[in-house]
Amino acid sequence: MSMGIYLSTQKSDAENIERVQKRATKLITVLSKKPHSERLKFLNSPILKYSRYRGDMIELYKMVKGIYDPACLPHFEFVELSDNLTKTTGDKYKLIQHLYKNLTKMVISTWNIWSDYVVSSNTVNTFKHRLDKYWCDQDVMYNYSADLHGTGNSAIALSY
């Protein structure tokens, strides 16, 4: 999938791309009678929505880890949590939500619920591998009507 398509912000564009994906997977003879989600699982081809979620997380990792030029990025601030709270949340540092207006609430809240194992990756490829392992059971990978679970209310609520 090209980057121009992937970054499309128009809902109608995404729906058109998903329709093309549905039709294209039906062209494979052995899969043509199977439901769309099963065709995608067989082909290991997640839907656009999941690809966008995953891409957003990878981009946030690169920003936080300083892979991009820091002069072009917002300065990330973290809330240092006590050792007792770290035991329940699994990660000592959480991004402060209100500072990053151009990052969606879903991206920040998802980052904040991950364990240190995921966010402390030393390389982008290690992060991708851990992210895929963490999200391996997400319905949103192959189901257009599903949403990413494990975010939202389970994130730490910080108010300033």
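The values are calculated or read from the model by the stated rules, or taken from the named source; none is laboratory data. For clarity, every value in this text was computed on a predicted model and none was experimentally measured. Cβ: placed from backbone, ideal geometry, glycine included. Neighbour counts: every protein chain shown.
Sort out for me the helices (runs of 4 or more DSSP H) sitting completely within region 1-92 that have 1 or more residues that are at pLDDT 75 or above and under 17 Å from Val119 (Cα atoms).
Working: elements: 3-6, 11-26, 36-43, 48-64, 83-89.
Answer list for region 1-92: 48-64.
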Filter region 106-160 for residues that are exposed (fewer than 13 other Cβ atoms within 10 Å of the Cβ) and either in a loop (DSSP other than H, G, I, E, B) or modelled with pLDDT under 80 (or both) and give the result. Ser115, Asn122, Thr123, Cys136, Asp137, Ser145, His149, Asn153, Ser154, Ala157, Ser159, Tyr160
So the check is Cβ under 7 Å with 6+ separation or different chains; which pairs have a first residue in region 11-25 that's surrounded by 14 or more Cβ atoms within 10 Å (Cβ to Cβ) and a second one that's among the hydrophobic types (A, V, I, L, M, F, W, C)? Ala14/Leu48; Ile17/Ile5; Ile17/Leu48; Glu18/Ile47; Glu18/Leu48; Thr25/Leu31; Thr25/Leu40; Thr25/Leu43
